[in-house]
Amino acid sequence: MKEDITSIQTEALSAIESAESLQQLDDARVAFLGKKGSLTAISAGMRNLSKEEKPIIGELLNVARTAITDKIAEVKGKLETIADQKLIEGVDVSLPGRVLNEGNLHPMTLMRDRAIQILRRLGFSLAEGPEIETEFHCFDALNTPEDHPARNDGDTFYFDASEDGLRKLLRTHTSSVQVRTMESQKPPVRIISPGSAYRRDEIDATHLSVFTQLEGLFITEDVRLSDLKGTLEYFFQALFGEDTETRFRPHFFPFTEPSFEIDVKLKVKGQEDKWIEVAGCGMVDPAVLQQICNSREDDVFSPDKVTGFAFGMGIDRLAMIQWGIRDIRHLIDNDTRFLKQFA
Ligand code: PHE
């Protein structure tokens, strides 16, 4: 038996040594150490040995097993190194790698999403409307008379009139979504609508001809001015921090009465505090509700039944306040030195 063990060990070590692949190595392992392997078979014979022989043979078997196992590990290491080398054969590992630039969300996207998130917590849901609008949805339904300055060719981008004489335009504000929503839903209405608005403005540090607004509309029974004020104060504090100061200045919009502009106090280190206008708002004018009743041909939005508030804010302005951006044009330049700061 001793001789058998020694010869199996010798045979095994040479088989392992000459393995040329990981597969051959594993075959050798199975042949000697596997369930039906030759060393395993001999171990089974231990049962028939005398008391004196058992420890001696057992010791020999252990030595053989250890020697074979160690050899397998050694050869495996070598074969793996060879396989690795083959893998990168002909590859110049000193070549510089390809740089993958990581992107990040645009500050306008970040600001829009945060604003939506806060307003959704207050129960507002998202609504949509077209950017190419009719004069009706942009102006007439919003109680804006024919001679209102916002309707000038000089202020608004108009398309040529179609055959029926109707002129379409690029919406000058997202307030047209108020009309679209009231046309298609019934009270209670509690919506927000972020999107582009277009004006023939002179482009400078605070104006673009395409900018982003976020419209809000809340209509149900007994909505009050205090609801409007509380909602927007909460919004700006949730957005900019609890100590954010806001101010409501009386203003005029054709579609709200009373109307206000809202300023937020901008605090930039090393500069004097400055009030920045961020939104227009007010209580929905009964004339608008009446106009909606007329075009719906029902009275669910009758000013005798419901009241509401509306607001529209500039998301660009909010972003400028949030990050102390001094020039609105940075938001459309796509200069990665600027954009990377928001990663
Ligand atoms: N649409 C107005 C603007 O663009 C803002 C506004 C919205 C005012 C809703 C009142 C109510 O200036």
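The values are calculated or read from the model by the stated rules, or taken from the named source; none is laboratory data. The shown structure was predicted, so the numbers you read here are calculated from the model rather than taken from an experiment. We place every Cβ from the backbone using ideal geometry, glycine too, and count neighbours over all the protein chains shown. The area values use the complete protein model at the heavy-atom level, side chains included, leaving out ligands, DNA and RNA. Shrake-Rupley method; radii C 1.70, N 1.55, O 1.52, S 1.80 Å.
Table: residues versus (1) touching a Pro at 6+ places or on another chain (Cβ under 8 Å); (2) surrounded by fewer than 22 Cβ atoms within 10 Å (Cβ to Cβ); (3) under 28 Å from Glu233 (Cα atoms).
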position	(1), (2), (3)
Cys281	no, no, yes
Arg296	no, yes, no
Asp333	no, yes, no
Phe342	yes, yes, yes
So, of the residues in segment 160-182 that are within 16 Å of the ligand (Cβ to nearest atom) and basic (Lys, Arg), which turns out to be surrounded by the most Cβ atoms within 10 Å (Cβ to Cβ)? Arg171
May I ask you to list the residues in segment 250-268 that are more than 10 Å from the ligand (Cβ to nearest atom) and closer than 17 Å to Arg317 by Cβ? Asp263, Val264, Lys265, Leu266, Lys267, Val268
Over segment 59-82, the set of residues farther than 17 Å from Thr10 by Cα and small (Gly, Ala, Ser) is Gly77
Go through segment 183-210 and report how many residues are within 13 Å of the ligand (Cβ to nearest atom) and either exposed (fewer than 14 other Cβ atoms within 10 Å of the Cβ) or modelled with pLDDT under 95 (or both). 3
Going by the conditions given, is Ile332 more than 10 Å from the ligand (Cβ to nearest atom) and hydrophobic (A, V, I, L, M, F, W, C)? yes
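A quick yes/no check of all residues on (1) modelled with pLDDT of 95 or more; (2) away from the ligand (no atom under 16 Å from the Cβ); (3) not basic (Lys, Arg):
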position	(1), (2), (3)
Phe235	yes, no, yes
Ile292	yes, no, yes
Arg317	no, no, no
Ile321	no, yes, yes
Determine whether segment 109-124 contains at least one residue that is under 24 Å from Asn294 (Cβ atoms), surrounded by 14 or more Cβ atoms within 10 Å (Cβ to Cβ) and either more than 35 Å from the chain's Cα centre (by Cα) or in the same structural domain as Ile192 (by TED's automatic domain parsing) (or both). no
Can you list the strands (runs of 3 or more DSSP E) found entirely within segment 155-253 that contain at least 1 residues being β-branched (Val, Ile, Thr)? 189-198, 210-220, 246-253
Go through Ser302, Ser295 for me and flag whichever is over 30 Å from Thr109 (Cβ atoms), assigned to a helix (DSSP H, G or I) and of a type in the set (Ser, Thr, Tyr). Ser295
Selection within segment 10-25 - open to solvent by less than 50 Å² (accessible area, probe 1.4 Å) and of a type in the set (Val, Ile, Thr): Ile16
Give all pairs with beta carbons closer than 8 Å in which a residue from segment 153-181 that is more than 21 Å from Pro194 (Cβ to Cβ) meets a residue that is surrounded by 20 or more Cβ atoms within 10 Å (Cβ to Cβ); count only pairs at least 6 apart in sequence or on separate chains. Asp155/Thr172; Tyr158/Leu169; Phe159/Leu169; Lys168/Glu133
Give the residues of segment 76-95 that are hydroxyl-bearing (Ser, Thr, Tyr) and assigned to a loop (DSSP other than H, G, I, E, B), sorted by residue number. Ser94
